Every structure is written in C-alpha cells, then in structure tokens.
Amino acid sequence: MSDNEDEYMNNDMLGVKLGPYSNYSDRGDDDLEMQDDDYSPISTSANVQEAILGEDELKEFFEPVDPTKEGVYIVRQFDENTAKARWKLDQLSKTRISSNIFEIGGYQWSILCFPRGNNVSQLSIYLACEGETSPSWSRFARFQLSIINQKDITKTVSQEAEKRFNQNETDWGFREFHAHSVLLDEENGFLSPIDASLTIECVIHVVHEAHLLNPHNYNSKTETGHVGLKNQGATCYMNSLLQTLYNIAYFRRAVYKMPIEESEEPSSSIPLALQRVFWRLQYEPDSVDTKELTKSFGWDTIDSFLQHDVQELCRVLCDNLEMKMENTNVKGTMKYLLEGTCKNYIRCLNVDYESSRKESFYDLQLNVKNCNDVYKSFDQYVEEETLEGDNKYQAEGFGYQDAKKGCIFLSLPPVLMLHLKRFEYDIQKDAMNKINDRYEFPLELNLEKYLADDSEQKNGDNTYVLFSVLVHSGDLSGGHYYAFMKPIAGSDQWYKFDDERVYKVKEHDAVEENYGGTADEKKNKYFWLNSTGHNMYKKFTNAYMLLYIRKADTNEILQKVEDHDVPDHLQTRFKQEREDKERRKQEKAEAWKYTSFKFIHDEMLHKQFEQGPDLIKIDRIQPVRILKQSTFADLKSICEQQFNIPARNIRLWTYSKRINKTYRVHSPVKHSDKTTLDRIWNFNNVDNVTLYIENKIPPSSDSSTLPPIEKGDCIVFFKFYDPTNVELIYVGSEIVKNNMIFENVIPLFEQLIRSSPSLINNAEQDSNEYDIYEEIKPTIIESKSLQTSLKSSDVGHGDVYIFQKKISNPQDYKYPTVKDYFDYLSQRATIKLYEFNDPKGDSIQCIELELLKNQKYQQIVEQIATVLNVDWKLLRLTGHGTTENQPREVAFKSTETKSLKDLLSTPYGQISTILYYQVLDVPLVEIENKKELVVHVYGSDVQLIRECKLLMDKKSTIGDLKKNVIEKMQSEHSIALSNDLRVMEVSNHRIYLVYDDAFNVNKIQDATYEIRVEEIPKDELLAAHQKHKRIMVAHFCKERDGVRLFGNPFFIYVNGSETVRNVKDFIQSKLNVKDEEFKRFKLACISGLLKRDYLNDDDLFLEQFIKESGTSHRVELYLGLEHKDPNPRTSSNRWYDKPIVIKN
C-alpha cells in the first residue's frame, strides 16, 4: 500500500472522505481540519466526478475558456476572500513547472504542476503559498483544483481540499490528480484544439474567521463581545432560549429589578439564579454554567440529559416569571413585551348576528406544512371558514344559519414570538413527525393587513424586524438547538449562539440557510464542480422559532444595558462570588505547593471524643493547608497560632492506621526546626498527614519544656467507663515506662482525673479498686492483671487503656463491664421506620430507632410497638428491597425467628437500614390464618367505585366473597350493591378469568392479578339467560409492533341478528361517550396483541367475529375498541412526550 493510500484510509476514518493528496515533496502530512457547521461541507472523493448540470447552470458556474489569455488570470471574484483563477499550461513536456504568482483573499499564491507525474503515472498538481517571510506565518484556505475539458466543460475533472499552510508546509495538493495519458489524449478534450495546452482552474477561499483559524484558542468574548452557555448534557434548547431572552435588553433589566432576599440561594430561587446567569453573561470572560438555574427549576441530573421543546420551555418559564413578578415593581413586564390579542368570531351571513371572543397570546403557532413563508402562514391563520350545510351555526334566536368563522388580530406585542409548527402528529403512522419543508421568513415583516379595522394599532407602524432565529438541527429522535441573533439596535451584524461559543456570521448564514427544504450540493457556497445530479438531500436543520421586534420599538427594547442598570446589591454579591471563584481557582492552581495536615490534641479529644473505639473520627477534623516548603519550626508555629499552645511545649507525634485497622499515635517526629516538611514526609505518596500534639508538662518537671522521650518510654491514652451512665469518657494521655506494672499506672490515671474537675463526678464511686482493659480493636478488649508489667503486655506508643471501678453487683447494670459495653457497640444499629402505606415518607416523618443486630424478631416487634404505643400483636413488619428501593413483596411472619441482621440482609448480600410497619385492625396471627384480599368494586358503567379489603377464611368460596363485599360496602361506605355480582381476574387491561361461585378464595393469585368485583346489569343477565354470546371488549391504540391496551375491559352480550353498528351503539351507551367523540372509535378483532381486520358497520357482528375466530391460532380473540388513550403513557425514549415542569 502506498503512502497516499494509507493517508486516504486514515482520513476516511475521520468521517470525511478525502482524495489522495499531499505536498509535492510527498512528506505525507495530511493536516486535515474538521469542518465547522457555519460552512457547507466540502465533498471530496478519490474518484473524479462529473458535473451534470443544465444549460442555465452552465452559464452560472462555468465561464468559457479564453484562448488568448496567457499565464494566470482571475476569472471571477465571488467575494473579498473567494475567487476563481485559471492558468494556461502549455509546456507539458517539462517535468515540473510553476505558474506566475497571483493574489486571492489578500495573499499570494502559485500553482505547481508535474505534467508527467511526481514519481507516479498521473499528473500531479499543488497549490503553493508565496510571499511569506515571517517564521511563524500561517494561513488557512479551502481550495479546488480543476483541469477544464475544452470539448465538454461538464466533464471537467476536479479535486478539493483544505489546508493550514505554514513555513513547514508551503504547498498542498494532489500527487495522483488524474492519469496524464487521459489528459494528454486529444480525443478526451482536455487539450486545447488551438495550441494543445491544458487549462488549470483554481478556486480559493481564504478563511479569516477566528474560530476556524485557531479553534482551540478561540475566545468568544474577545471576538464578539458575547459569551456562551455551557451544555449540561442536552440543555442546548434552554441555552438558545436564555441567550435570546438575555439579549432582549428590556427583559434583562426587568429580571435584574426582581426583588430577592439576602438569604436566598440561586439553587432555590429562580429570579436569583436567572439574575446570576444574566450577570455572568454580561461580565464574565468565559462561558457560563447553568447548573444553579436548573436546580432552581427543581430539576435533577437526569432532567439535564432530556431534550425538550424550546417553545414549551419558553411558555413555562415566562409563566413562572410572570407569576414571580406579581406584586413587584416589574409587574406586567411579560404582558408588555409579549402579549397580543386576537378576536375569534362567527358572523352569520343572512342575519345580523355575530358571536365573538377576545383572547390574548404570548406566542403564535404558525403552520409550516403547505405554507412557503410567514405571510402564507398568517393568511392561513386569519382565513375564514364557511359554516354551511350540515355544519351550519346555531345562532341564538335565529336557529341554524350559514356563517363565516375566523380570527383577526386586535393588537400585536412589541416582541412577537412565532413558533413554527415543524413537529406534528402523523395520524397514519400514529407518531410525531418533523416537517423539513422550505419555509421563508423576511428580515422585515409588515403585519398591518392582519389587524382588525378598529384596532388602535391599525394606523401605526406595524413593521417588524427579525431579531432572533432559533434553529433545530435533527429529527424527532433528537437533535441540537442553537440561535442566531442581531442583538444590537441599528447594526446588521448577526451572531451565532451555539452553547459555549458565540461567532460572528453573515446574514445569509442566519436567515437563508435556515429556511429548510432540500439542499443542492452543486450550489455549495464555495465549490461547484464535483456534484452529481442525484446529490439532493433533505435539510434537517431549519428555523423552529422566530422573534421579531416592532421596528418603532427597537431602540427601547434593545437599548444597551449599562452598569447602573444592575442593582448595587447584585453587583456586590456577584462580584464577591467571582472573587471567591478566582480565589478557589488560584488555590487549585497552587494546590501542588501545599499539603494538608490534621491536628489532634487533648482539648479536642475531650470535646469531640466518640462513644466508641479509637479516639476520634479523623474525617471530621478540619484540615490545615501548609506549604510543603515550610520548616518544622513553621509547623509548630502554626500549631501555636491555631490552638493557642506555646511552640516550646509542643511535641508532635505521627497518627496512623495500624494493621488491625485502628488509628493510633505511632511515633514522635524528631527533626531540627530548619528541616523542610517535604524532607520529613514524602508527599508524593501521602495525601495528608495527621499529627497528635503532646503538650502536657509533668508537675514534677522543673523545665518549661517537655522532657525528652527516653528508651522504654511510651505514650498511652486513658479512657474511663462509667456503667451507671453507660458512658465512655476520654481522660488523657501519659508517658509511661514499660518496666512499670499496671497497678503503678493507676496513680497516673487518678492524677489525670483530679486535674479535670468535669471527670471527678464520673469517677466517684464506692470502690477504689480498678479493672483495666486494653482496647486492642473494637472486637478485642483484653483484661489486664494489675501485677502484669507493661513490657510483658507488649506496650507501645498509642495503646489505649480503659479503667473501670470494680463493681460487686453486675446484675444492677445494663452493661456492667467494658467488654459488655463494646459488645453492645458492635451490635447496635440505627433503623429507619416508615409506614407501609407511605414508603417514601411523603406524609409522615421517618422514625429512627436504635436496635441490636442480634435481637430476635419478637424482641424487635415489641420494641417498635413500645415506640409507636400500639399492641405488638397488631404490628406487621416488612423488609426493604434495596434494588427496587421499596418494600419487599412478602412481609415477615409472626413466627419469624431470625435476628435483625438477617432480617435486614438482602439476597444480593446488601444490608438495608429500613423497615416498614403496618398497624393492623386484627392480630397478625389471625390474618396469617386467613386469606387477605384486596378487591376493586366496579359499577355497571365500568367505573371504579371503591377498593375493598377483605379478610376471609381460607376455606371460603367466591360466593362467600360476594356476600362479604356486599356487607362491607353497605356497612362502611353506605353503598348498596345488588346480589348479581361477577368476580374476575384482570391483568394488563384484559379479563383472563371469571370465577365460579364455588371457587376457593385461597387459590386466587391476587399478587399477580387485579381482582375485580362488578355488578352485572339486568340486560346482561337477560342476555345470558337467552344464551347470547359473551364477548370481552378491550380499549386499544396502535403501536409500531402491534397494539397497546389501556383502560378497563368489560363484557358485552351479542345475539346473531345484531350488526356491528348495533354493537357500537350499545358500547357507546354503556360507556356514555358523546357522539362527536365516538365518531373516531373503531371496532376490530384482536388476537393477542395483534390487530386483525376492522369490522364493517353493516355486517352481522357474530358472523364477522366467528369468521375471524376461525383464523386465530391458540390465541384468544376479543373485541378491540380503538381510540385515543386519554392518559397516554410516557416512554423513556420519547422526549417530546415528557412535559417540562418548573417545580419551584
């Protein structure tokens, strides 16, 4: 494989197919630049393409070859940066030839050609930069090189590329442009018939846009004066709307003036969060985050990854802001800016009668389908409809009359929001569909003719100028939103706001490029010759919302927002936030210079000591940032400043994790005061250092400093256990000799007790004798003999000893010894209790209760009953499913013998901390010996009446169940039911079984099915007696892969003489559906979840139904009633079904 072929494959992997091009020295660098969506894509190919153009297009895109021209000459200047040049090449025998220098786009160029090929059998051709002398020069160009076919210009061969030229790569082109044997054959038409020369054509577009020249270092603020908004995942729709609202200066001022409390936080206050976003857009140098704003909406992370409709967000946000502006000095802002009014009327043609209704609007929804521009949509909006024939209008006092129905505008707002209806429901596909038809919108829009004659605005200036174009690129399944705006009054400069970046663009890119419709690649903005006649594609990028501003109000609406327009309290607050942000940023940038130290000292241990193992929870200690280059003396000085301990009285000890996973003092830090910290600790391997500060000078010492640590000295820590109060107390630390026995340690302990008055009361007990325990780890507490030496007990730095006064009557204490207390600590667990009917805790508070993991079920129930103040026999407990995050399906039995630890364990090895409780009406034992059922009672109109809970003997029958339901409904709800009831199993909106009266209730699978009890209408009883056929009816709507059932199924009875129309009339009457609505209902035979044929109204129903039943293979056939689901489900992958909700 050649180098060029290798280049070709690598570039193809980038998603852009490029021809085999290079510079003439064949260095092999391709330097491909990715395309920006402000430009039409360059479509290049390794195979030469022919242009198939009409006669008119020939004149537009191809100029005839002028045989009198010599050298390089400019054929056509398209704009200041784009031109077409031609070069007459007549020295074809040479190995290499360069053209004379020519200028396009302010730069000098030349064309380099190898007529016989650059070490290949094809003509090689390159574009070269000229006239550059600076060592750091760079230029970026898109270009096309062509060889004109002088017999048939449409057979011209072309290749295209784009290149960033610099001092190392001064030329770029195509080593294998075209076979020279083809080009030099007179029969093929490339040679001039006059002098056998070739005409080489070169189209060059020099790129000057900053975001293309240096995309990685592009700065929106510097280039445009605007900054973008960061995309949180799928919030481009919100970003485009926020930028639009921000650039309506009148609206921005009003938002700044919305009152807020000093205590408000952006995450919970929409006005403050919006003010913050707007302020940052105005003053920040970089793109702005919107996370606080979406939090104020009540959205979580998932909401940020769901794409929504920008017009829907606009309505919801504007409504929310209008409500929050009530009772403030900016009340009425939304109405002033956005509210227009129209009149819907019905005017009789033959009598003097008109009915009308005035309505206000904040935006207008305009049809795109069958409308080619905005004016056509407005024409359709106000178009009158004639009401005649069967559709006559019933005028009060005049009866049915021919009439005209229409709409006319009474007033139009200063800011006109137009929502283009590019998404609509396709009734054939039963799905939403995007309309990508071409739809034009002018820069200026005159709406005078759409105003009523009596409108106050009729004689004013009703010209509107285009301000913003919100664009949707994509289809129904997703896409991308961005906005084009002309935010400065009196300026023609357009900007593109695309999430984090803002660009200056031309009017054509903002307007014409977003009309939609089909795009013809041969009319590409910069290159023409490489398209085929079949290269037509639908444009999925088009305008979705338009904002126009009344021309007369432009200066007021877009008047620049100055510093004095921002209230002082906002300026102060947001500037402080910016300073804090910069400080944190600076700290982060300099973090490598610092490390974190955590300090522990006795005063801290007395205050924060935990009632348990070890001395303190290290993660709760506030760290102190210290420069790694600080000295050991600096470290002690910081301790003195932080804890008011003289530096000369400080000895520092390392505090680390032992092998047994306890945290203890380890060793003293012995270094000179001048040693730097990074020489003491290897900060590459240590995130932070925890130190214990020893500062107690023994009373016997004459020195004002701590005595040195000698051989055999150990620092140990003392705790005291008080069984009366069930309390463990930190006493202090002491330096001991390892040759001491434990009995000699007691005076040191007592001395510490006496030095702390707060500990004396706890230590004052009858006995003067002590038991001593070593806390090795939470599960290992070892008793020490008073005559044992510390050395034989392997005493070491950081060991913890617990003292307890001897007790003579342990039975009087709940946890009489230290071991008992630590056993309790290891077994205790804090449980959260929720009522079973309120598993999320929405209506009641969670009850927290301390239990022991080794407690048995009976003990747990009794303890919970005491807390709830109920009889424990009435309590039923249920475990928590950690996977489903809800109660488990099966509650615990009253005979349960497991411990709390086992009850909280899940099948997946997880441990929950949640239990659910129910307070029953009867003892749990009694319920467990009976069948507990929940049934749903329905009336004859197939509507739910009540849910009914039953407790029945397990030997009961369905007949007994019916009697119980009748009695319970009468006694508890005063609802009288007839004795004619039907009990059914219902699941997934289908009836699966009708129970016989003799059926045993204990066999009912109520966990799987809904148990429905319904009254049987008298007409059905009669029909059943007459042997009419019973048929199930289910509601359904069509889905892509079949049908979807919904609603409540029901039975009907049909005899052999009834038609489909008779059945429909009966169903309509049973369901009480209005005529107009029922017209859209259809009957069909359903097999499983597959729709069979629709039934014709005039056919005999049973004949049709039985005929269809004969074609059904082992799947029950039933009657389907097709209509729209009044409560449509929301599918997780259908973003357009999910409504936008601002919860705050």
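State whether the chain is rounded, prolate or oblate according to the following rule on the C-alpha gyration tensor (a ≥ b ≥ c being the square roots of its eigenvalues): a/c under 1.5 gives rounded; otherwise a/b larger than b/c gives prolate, and the remaining case gives oblate.
Oblate.
Find the accessible area per residue for the chain; the probe is 1.4 Å, ligands and nucleic acids are left out, and the unit is Å².
Accessible area per residue, the chain: 50 Å².
What is the gain in length, in nm to one decimal, between ASP1093 and GLU750 on full extension, counting 0.36 nm per residue of separation less the C-alpha to C-alpha distance?
Separation in residues times 0.36 nm, less the Cα-Cα distance, equals 113.9 nm.
Modelled label-to-label distance, LEU1021 and PHE305, 7 Å Cα→beta-carbon offset: nm?
The answer from the label model is 5.8 nm.
By DSSP, what percent of the beta bridges with both residues in the chain are antiparallel, rounded to the nearest 5?
85
R0 = 51 Å: FRET efficiency of ASP373 with GLN586, Cβ-based, nearest 0.05?
Efficiency, rounded to the nearest 0.05: 0.40.
Determine which residues of region 73-99 fall in the zone a paramagnetic label at ASP66 would reach in this model, i.e. backbone nitrogen under 18 Å from the point 7 Å along Cα→Cβ.
Of the residues in region 73-99, 73-79, 83-90 have backbone N under 18 Å from the label point off ASP66.
What percentage of the solvent-accessible surface of the chain, computed with a 1.4 Å probe over protein heavy atoms, is contributed by carbon and sulfur atoms?
45
Please work out whether region 978-1039 counts as rounded, prolate or oblate from its C-alpha gyration tensor, where a ≥ b ≥ c are the square roots of the eigenvalues and a/c under 1.5 means rounded, while otherwise a/b larger than b/c means prolate and anything else oblate?
Because a/c hits 1.5 or more and a/b fails to exceed b/c, region 978-1039 counts as oblate.
Using heavy-atom solvent-accessible surface (probe 1.4 Å) with all chains present, what is the largest-first order of GLU326, GLU1039?
GLU326, GLU1039
Could you tell me which of rounded, prolate or oblate describes region 845-935, using a ≥ b ≥ c as the square roots of the eigenvalues of the alpha-carbon gyration tensor, with rounded for a/c under 1.5 and, failing that, prolate when a/b is larger than b/c and oblate otherwise?
Oblate is the answer for region 845-935, as a/c is 1.5 or above yet b/c matches or exceeds a/b.
Any idea which of SER793, PHE599, CYS1037 is furthest toward the positive side of the dipole for the chain, if Lys and Arg beta-carbons carry +1 and Asp and Glu beta-carbons -1?
Checking the options against the dipole of the chain, the answer is SER793.
Whole-Å semi-axes of region 855-996's equivalent ellipsoid, largest first, each the root of 5 times a Cα gyration tensor eigenvalue?
The three semi-axes for region 855-996 are 35, 19, 14 Å.
Note down, for region 108-151, the three equivalent ellipsoid semi-axes (square root of 5 times each alpha carbon gyration tensor eigenvalue), biggest first, whole angstrom.
26, 14, 9
Which residue, chosen from MET952, GLY332, HIS508, occupies the Cα position most advanced towards the positive end of the dipole of the chain, where the dipole is computed from +1 (Lys, Arg) and -1 (Asp, Glu) charges on Cβ about the Cα centre?
MET952
Suppose the chain between THR788 and PHE1081 were pulled fully straight at 0.36 nm per residue; how much longer would it get relative to their current alpha carbon spacing?
96.0 nm
Using only the alpha carbons of region 103-182, determine the length spanned along each of the three principal axes and report them from longest to shortest in whole angstroms.
Each principal axis gives a Cα extent; for region 103-182 these are 43, 28, 17 Å.
How big is D for region 179-265, in µm² s⁻¹ as a whole number, if Stokes-Einstein is applied with the Kirkwood radius of its Cα pairs at 20 °C and 1.002 mPa s?
110
First measure r as the distance between the Cβ atoms of PHE361 and ARG578, then evaluate 1/(1 + (r/R0)^6) with R0 = 51 Å and state the FRET efficiency to the nearest 0.05.
Approximately 0.80, to the nearest 0.05.
Tell me, what is the FRET efficiency for CYS1037 and VAL465 to the nearest 0.05, using R0 = 30 angstrom and their Cβ-Cβ distance as r?
So, using R0 = 30 Å, E works out to roughly 0.10.
Regarding region 1009-1093, what are the three Cα extents along the principal axes, ordered largest first, in Å?
41, 34, 24
Could you calculate, for region 631-738, the ratio of the Cα radius of gyration to the Kirkwood radius, expressed as Rg to Rh?
With Rh from the inverse mean 1/r over Cα pairs, Rg/Rh is 1.00.
Mean Kyte-Doolittle of at least -1.0 and a Cα length of 18 Å or more along the axis: which whole DSSP H helices of the chain meet both?
Span-like helices, by this rule, are 270-283, 310-325, 742-754, 958-973.
By how many nm would the segment from ILE1142 to ASP953 lengthen if fully extended, with 0.36 nm per residue of separation less the alpha-carbon distance?
63.0 nm
Can you list the equivalent-ellipsoid semi-axes of region 88-233, largest first and in whole Å, using the square root of 5 times each Cα gyration tensor eigenvalue?
37, 17, 13
Compute the whole-percent fraction of alpha carbon pairs in region 565-666 spaced more than 21 Å apart.
Within region 565-666, distances greater than 21 Å cover 55 percent of Cα pairs.
Along Cα→Cβ, 7 Å out, is where each label goes; now give me the distance between the ones at ILE618 and ASP185 in nm to one decimal.
Label at ILE618, label at ASP185, 8.3 nm between them.
Treating only the Cβ atoms of Lys and Arg (+1) and Asp and Glu (-1) as charged, compute the dipole magnitude of the chain about its Cα centre; round to the nearest 20 debye.
The calculated dipole for the chain is roughly 2980 debye.
How charged is the neighbourhood of CYS129? Take every other residue with its Cβ under 10 Å from the Cβ of CYS129, and add Lys/Arg as +1 and Asp/Glu as -1.
Neighbourhood net charge equals -2.
Describe numerically, in nm with one decimal, the distance between label points set 7 Å from Cα along Cα→Cβ at LYS405 and at THR830.
Going by the 7 Å Cα→Cβ label model, 6.5 nm.
Is it possible to state the helix-based mean residue ellipticity at 222 nm for the chain, with each DSSP H run of 4+ residues giving -39500 (n - 2.57), the sum divided by total residues, to the nearest 500 deg cm²/dmol? What is it?
Per the formula, -6500 deg cm²/dmol.
Tell me the accessible surface of TYR393 in square angstrom (1.4 angstrom probe, heavy atoms of protein chains only), to the nearest ten.
40
The values are calculated or read from the model by the stated rules, or taken from the named source; none is laboratory data. It should be emphasised that the depicted structure is a prediction, and the values quoted were computed from it without experimental measurement. Glycine gets a Cβ as well: all are built from the backbone with ideal geometry, and neighbour counts include every protein chain shown. Keep in mind that these areas ignore ligands, DNA and RNA; they rest on the heavy atoms of the full protein, side chains included. Shrake-Rupley method; radii C 1.70, N 1.55, O 1.52, S 1.80 Å.
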